[in-house]
Amino acid sequence: MAPRPKHADATRDEDIDRFIEAWGRMGSVWGISRTMAEVHALLYITGDALCTDDIMARLEISRGNASMSLRSLQDWGIIKRVHRRGDRKEYFVADQDVWMIFRSIVRERMKREIDPLLVSLHEIRDHTREDGQKAASDIDERLDAMIEFFETATGLAERFIGPTGPGLRLAASLLGVSDKAVKSARSGRAARGGKNG
């Protein structure tokens, strides 16, 4: 196989940089820092196992920032730690299954935002019922409607982010993705030794 021309490597690096920048901007939508999103972007788009030193050098960030981002990404379940035989450094790889990535993001966002909100709504409603005041009944009805909405939305999200296959199939059908595309994505993951989602 002929070696890649230098300009091809430069173009590849530019494309990687552009993806990292775009994914970094998306960080705020996830509710995470730009650096954390950029670390994930680098691991995802290269598909390589990188050590902390590699990440620091490529993104020009401090060790503390890299370590904190890597730890958080592991907590979110979208990267994992791997080891290389004979190398004492820790390496990290990103999940390459896009469906799994977004399921993990949805799961984490629900845990951090929707679950605490539902707890608060239930506490407020319980307090209005304890008051027993007529004026509180209007508030109680509005709270019931809000709780019902979030519990329904949470139920749908749970079907999507669940660990079994039907969640992926349901989400794909709701989005109008063909069954053939879903099967194709699954067979591609199976060929790569990935999990069905």
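For residue 92, the criteria (1) at positive phi; (2) in contact with a Cys (Cβ under 9 Å, 6 or more places away or on another chain) hold in every case but one, which is (1). When 36, 26, 100 are checked against the criterion of being in contact (Cβ under 8 Å) with a residue 40 or more places away in the chain, within 13 Å of the chain's Cα centre (by Cα) and closer than 28 Å to residue 111 by Cα, a single residue qualifies: 100. Filter region 62-92 for residues that are within 16 Å of residue 27 (Cβ to Cβ) and touching a helix residue (DSSP H, G or I) at 6+ places or on another chain (Cβ under 6 Å); which is surrounded by the fewest Cβ atoms within 10 Å (Cβ to Cβ)? Step by step, filter region 62-92, then rank; the result is 65. Selection of first residues in region 145-156 that are within 17 Å of residue 106 (Cβ to Cβ) and of second residues that are of a type in the set (D, E, K, R), restricted to Cβ pairs under 9 Å at least 6 apart or on distinct chains, gives the following pairs, ordered by first then second residue: 154/115.
Among helices (runs of 4 or more DSSP H) entirely within region 1-86, having at least 2 residues that are of a type in the set (Phe, Trp, Tyr) singles out 6-30.
Residue by residue, here is whether (1) surrounded by 14 or more Cβ atoms within 10 Å (Cβ to Cβ); (2) outside any helix (DSSP H, G or I); (3) touching an Asp or Glu at 6+ places or on another chain (Cβ under 6 Å); (4) of a type in the set (Gly, Ala, Ser) holds:
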{"site": "116", "(1), (2), (3), (4)": "no, no, no, no"}
{"site": "121", "(1), (2), (3), (4)": "yes, no, no, no"}
{"site": "145", "(1), (2), (3), (4)": "no, no, no, yes"}
{"site": "150", "(1), (2), (3), (4)": "yes, no, no, no"}
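Any read-out appearing in this document is the output of simple, stated calculations on the displayed coordinates, not a laboratory observation. Being a predicted model, the structure only gives us computed values, none of them experimental. Methodologically, a virtual Cβ is constructed for each residue, glycine included, from the backbone with ideal geometry; neighbour enumeration extends over all protein chains shown.
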